[in-house]
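Only one structure is covered here, and it is reproduced in the block below.
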Amino acid sequence: MFGDLAGMMGKLKETQQKVEDTKERLNTVLVDEKSNDGLLKVTLTANRTLKTIAIDDSLLEDKEQLEDYLIITLNKAIEKATKINEAELAAVAKDGMPNIPGMDMFK
């Protein structure tokens, strides 16, 4: 009924290792985002770790404007990084799932 249970467990363990390797690799995938006018630039990893922020001097004169720029630009960068992260991890998980009848969640 369950086929090769040991084989499935081995495949799941292999998939778990691939997921961990992918998470580690995503630390090296960089996502760049900038404000519409280019006055603020941020870089995150695909694991959503902030790496750099570059702020044009003109933004330093207005605290509220700078805060708005940071919020908007960081949110866009986080959204991009999240999409990359989720797509990469879903691909690894789908590839590693054993063929269990009725468990076709990734179609």
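What follows draws every value from the coordinates through simple rules; no lab data is involved. It should be emphasised that the depicted structure is a prediction, and the values quoted were computed from it without experimental measurement. Note: ideal-geometry Cβ built from the backbone for every residue, glycine included; neighbour counts use all protein chains shown.
Taking E64, is it over 25 Å from N27 (Cα atoms) and not aromatic (F, W, Y)? Considered against the rule, which asks whether it is over 25 Å from N27 (Cα atoms) and not aromatic (F, W, Y), E64 comes out as yes. Just give me the residues in region 16-42 being within 10 Å of A77 (Cβ to Cβ), crowded, with 17+ Cβ neighbours inside 10 Å and more than 13 Å from the chain's Cα centre (by Cα), in sequence order. E33, V42, listed by residue number.
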